[in-house]
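Accompanying notes for the structure given below.
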C-alpha cells in the first residue's frame, strides 16, 4: 500500500515507518517537526492544511492512512483543552474526510487505553464502557466515534487501536523506563514516586507498530476497535525488579506518590486482536527494556 503516516517523527510514528517499510509498503511520513533530527524521510506539514494534504495524497497515490499524530497523552497540553480538541479531533475528522473523498482502502487510528478511564478492579475488554477522566481521553473517544461513523455511513474501512502505555526509543514525554536506562549508564539511581499497588500496562513501541501493520492488511474487521498491550500487568515494585535484572547497573528507589495518570485499570485484555487479526505482543518488559537500552546506546533515540 501507499501509506500516509501522520506523527512520523513521534514515538509510534518512528517505529511504524520502519515496520511498514520492511513489510513492503511505501510510507509517506509527515509531522509538524523533526525535533532537530534533519530527517530526510519526513515531510513537515500540519494536519490543518487540507490543500497541502490533498496535494500530497494525489502526488503519492495514497490509498491508506495511519494516524499517529496527536497530542500524545493526558499529561500533555494540560490546561489547554481547546488545543487538544483542535489537534486531536479536528485533524482526525479532516483526515477521515480525505480518506473518504479519495476512496482509500483503510484508515488506522491510534487511540489509547485512556478511553476507559478509572475502571477499577475489573477486566477491560473492548466491550467495557468508555468513561474518560481527561479531555485527552475524551478526544480519543470522539475520534473513535468518528472512525465508526465514517465506516458505517461511507464504507471507509477504519479501525481504532486502544494502546497501553507505550515506551521505546523515541519517547519524549516523561518515562520512568527511559530514566532507569539512562541513569544506569551514569551509575545513578532512579527515584520513582508511586503507589506500590497501582497497576501499569506498558507496551513496547515495536509491538504497537506490528499491531498497526497487522490491522492494515487484515482482510476484514469483526469490530472497529482493539486493545493493544503487552498482556503483562505489573506494579512498580515488579517493574523495578525486572529493570534491575534486565539492565546492568540499574537501581530503582521507590518513594510514596501517585502516577500522573491515576486511572485504576487492573486487567487489560488484549486477546481479541489475536483471535480476530492474528497479532500478539512479542516483547515482555524484560526484552523490551533490553531493546530500548540497545537503541539508546546506539544513538537511535530521542
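The values are calculated or read from the model by the stated rules, or taken from the named source; none is laboratory data. Keep in mind that what you see is a predicted model, and the values were worked out from it rather than measured. Here the Cβ positions follow ideal geometry from the backbone for every residue, glycine too, while neighbour counts run over all protein chains shown.
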Limited to segment 86-110, what total is found for residues that are assigned to a helix (DSSP H, G or I) and crowded, with 17+ Cβ neighbours inside 10 Å? 9
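Can you tell which of 253, 210, 232, 244 is farther than 24 Å from residue 108 by Cβ and outside any strand (DSSP E or B)?
Answer to the check: 244.
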Among the candidates 105, 83, single out the residue that is under 21 Å from residue 13 (Cβ atoms), more than 18 Å from the chain's Cα centre (by Cα) and without any contact (Cβ under 8 Å) to a residue 40 or more places away in the chain. 83
Check on residue 84, out of contact with any helix residue (DSSP H, G or I) (no Cβ under 6 Å at 6 or more places or on another chain) and under 25 Å from residue 302 (Cα atoms): no
Inspect all residues belonging to segment 111-118 and state whether any of them is assigned to a loop (DSSP other than H, G, I, E, B), under 20 Å from the mean Cα position of the chain (by Cα) and more than 22 Å from residue 158 (Cβ to Cβ). yes
Just for segment 119-128: of the residues that are outside any loop (DSSP other than H, G, I, E, B) and at pLDDT 95 or above, which one is farthest from the chain's Cα centre (by Cα)? 123
Select from segment 153-193 the residues that are at positive phi and out of contact with any strand residue (DSSP E or B) (no Cβ under 6 Å at 6 or more places or on another chain) and list them in ascending order. 155, 187
Output the residues belonging to segment 7-30 that are on the phi > 0 side of the Ramachandran plot and touching a helix residue (DSSP H, G or I) at 6+ places or on another chain (Cβ under 9 Å). 7
Given (1) touching a residue at least 12 places away in the same chain (Cβ under 8 Å); (2) farther than 18 Å from residue 94 by Cβ; (3) out of contact with any helix residue (DSSP H, G or I) (no Cβ under 7 Å at 6 or more places or on another chain), residue 40 misses just (1)
Which of the numbered conditions does residue 137 fail, given that it passes all the others? Conditions: (1) assigned to a loop (DSSP other than H, G, I, E, B); (2) within 18 Å of the chain's Cα centre (by Cα). (1)
Taking segment 199-210 only, how many residues are over 13 Å from residue 285 (Cα atoms), touching a strand residue (DSSP E or B) at 6+ places or on another chain (Cβ under 9 Å) and buried (at least 19 other Cβ atoms within 10 Å of the Cβ)? 1
Determine which member of the set 246, 240, 250, 295 is under 17 Å from residue 208 (Cβ atoms) and buried (at least 16 other Cβ atoms within 10 Å of the Cβ). 295
Restricting attention to segment 246-279, the residues that are in contact with a strand residue (DSSP E or B) (Cβ under 9 Å, 6 or more places away or on another chain) and farther than 18 Å from residue 183 by Cβ number exactly 18
Go through (1) surrounded by 14 or more Cβ atoms within 10 Å (Cβ to Cβ); (2) over 15 Å from residue 177 (Cα atoms); (3) touching a helix residue (DSSP H, G or I) at 6+ places or on another chain (Cβ under 8 Å) one by one and return the number of the condition residue 282 breaks. (1)
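Select, from 28, 51, the only residue that is outside any loop (DSSP other than H, G, I, E, B) and surrounded by 19 or more Cβ atoms within 10 Å (Cβ to Cβ).
28
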